[in-house]
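Read through the structure below, which is laid out as structure tokens, and then see the notes.
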Amino acid sequence: MRIVFSSLSGHGHLYPLIPLARAARAHGHDVLFATGDPFRGTIEELGLRFAAVGVPIGAGFAAAGVEPSNRPQPGSEEWSRLVSRVFGAELPRRYLADLRPVLTEFKPDLVVHEAGNHGAGLAAREAGIPGVCHGFGRQSPANYAGFDPALRSVAADAGIELPEGDLRTLGNPFLDIFPASLQPAEFLESVARFPLRPVPFAPSGALPPEAVAERSRPLVYLTLGTGFGDAAVLRSAVDGLAALEVDVLVAAGPSVQAGALGELPPNVSVHEWVPQAELLEHVDLVVHHGGSGTTLAALGAGLPQLFLPQGADQFGNAETITTAGGGEQLLGAEVTAESVRTAAAALLGDSPHRRVARRVAAEIAEMPSPERVAERLPDFAR
């Protein structure tokens with residue numbers, strides 16, 4: 001069977017699909033991955049076919065006339081309207097156009113489209129190819145106001161008929177990598193859900209020596225991810241964590257240069273990138289932005305989390321895990337060295353948060369593996 005996997009051009013959108021794509025290839029399927037050209041090397045190194053489609057997510061905001069420096073406050077009505085336009089119109093329109101020739105040439109039997117990439121779902125529907133929606137994290141309780149009309153307008157312009165009702169999965173079966181106990185109940189009731197165990201993916205690399213060294217005190221992992229780095233926030237977190245009897249390993253990411261953090265305490269090390277999936281086996285606490293990939297990886301490892309959300313879906317993830325008892329969150333001006341120190345101290349050791357995290361980890365471990373779900377992919381193509 002020939003299968004196209006397609007995601008938006010972003011780490012948090014691409015990486016969750018890779019385990020199933022690799023499992024599908026291992027089952028003998030002919031797999032092509034269609035996403036942004038910056039990820040060509042990542043996909044080709046895995047031995048998968050690659051097609052460059054779409055644009056970076058930031059280009060979608062630029063097409064809507066908004067640059068990073070003047071984006072509205074997340075959660076505001078203006079932000080909701082902007083997100084609806086970017087993810088309901090600008091990005092779907094571009095991915096739809098770019099995927100048309102890919103589908104015509106490759107002639108897939110199935111399209112697996114990431115939950116943020118509605119353009120790929122539209123392209124499959126236009127071509128009469130069965131589609132499956134693959135989640136990348138927790139679904140929002142309801143679409144942003146204006147999202148459905150924006151997407152329906154793109155579909156109408158292309159002569160594509162959409163189902164009635166909620167468009168979060170375009171009416172397709174939904175491969176859900178988020179534990180059901182943490183998904184909104186109304187979403188679970190509205191879709192044909194098929195659980196899929198989240199398997200953290202990152203390009204291979206060596207762990208920093210300090211991550212695997214013998215130690216007599218906890219190791220705290222600090223990151224703000226790949227797209228929302230803020231040197232001031234990161235420095236406040238460093239100062240707060242360094243005041244504890246812990247070692248701190250920081251992944252600054254591409255958006256914050258290590259030098260921007262200034263002189264560091266002796267119990268802190270900073271790296272541009274670390275192999276996060278392997279690192280979490282050695283960590284006692286994760287302090288991070290709340291991106292879906294890091295949130296799920298920490299949950300799967302049974303680790304408590306301190307959230308410092310900066311944008312996108314991070315606020316929803318932070319609220320969900322905090323409400324469930326698996327962590328704490330600090331928002332905006334609440335992020336100070338002292339507040340980080342206090343919150344982190346409460347999360348270390350055998351805290352109630354750790355017990356909740358371990359319970360969710362057990363739930364995740366019971367979800368079907370990518371290999372098992374890959375066996376069912378032909379059923380979705382019928």
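Quick note: the coordinates plus some simple rules give every number you see, no bench work behind them. Because the structure is predicted, anything quoted here is derived from the model rather than measured. Here the Cβ positions follow ideal geometry from the backbone for every residue, glycine too, while neighbour counts run over all protein chains shown.
Computed from the C-beta positions of ARG355 and HIS27 and an R0 of 41 Å, the FRET efficiency is 0.65 to the nearest 0.05.
Between ALA62 and THR336, what FRET efficiency comes out of the Förster formula 1/(1 + (r/R0)^6) with R0 = 35 Å and r the beta carbon distance, rounded to 0.05? Given R0 = 35 Å and the Cβ-Cβ separation, E is 0.60.
A full extension of the chain between SER269 and GLU375 corresponds to an added length of 33.9 nm, given 0.36 nm per residue minus the alpha carbon distance. Extending 7 Å from Cα along the Cβ direction at LEU207 and again at GLU281 yields two label points whose distance is 0.6 nm. Computed from the C-beta positions of ARG215 and SER255 and an R0 of 35 Å, the FRET efficiency is 0.75 to the nearest 0.05.
Each peptide in 115-122, 145-152 receives the mean, over its residues, of other Cβ atoms within 10 Å, and ordering these scores from highest gives 115-122, 145-152. Relative to the current alpha-carbon distance between LEU188 and GLU366, full extension at 0.36 nm per residue lengthens the span by 62.3 nm.
For the pair ARG49 and ALA180, label points projected 7 Å from Cα toward Cβ lie 3.5 nm apart. Taken one residue at a time, the phi angles of segment 105-114 give Karplus couplings (6.51, -1.76, 1.60, θ = phi - 60°) of 7, 7, 6, x, 8, 8, 10, 9, 10, 5 Hz. Gly and Pro are set to x. Taking a sphere under 13 Å around the Cβ of PHE33 and counting the other residues whose Cβ falls inside, with K and R at +1 and D and E at -1, yields a net charge of 0.
Working from label points 7 Å from Cα in the Cα-to-Cβ sense, the TRP79 to ALA158 distance is 2.9 nm. In the list [x] 4, 18, 25, 21, 12, 9, 6, 3, 1, 1, 0; [y] 4, 12, 11, 9, 8, 8, 8, 9, 10, 10, 6, 3, 1, 0; [z] 5, 24, 33, 25, 11, 2, 0, the label attached to P(r) over Cα pairs in 10 Å bins from 0, in percent as derived from the coordinates here is [z].
Rounded to the nearest 20, the size of the Cβ-charge dipole of segment 93-169 about its Cα centre is 180 debye, with Lys and Arg at +1 and Asp and Glu at -1.
Quickly rank 316-329, 204-217, 31-44 as a protection proxy: mean count of other C-beta atoms within 10 Å, highest first.
The packing order, highest mean first, is 316-329, 31-44, 204-217.
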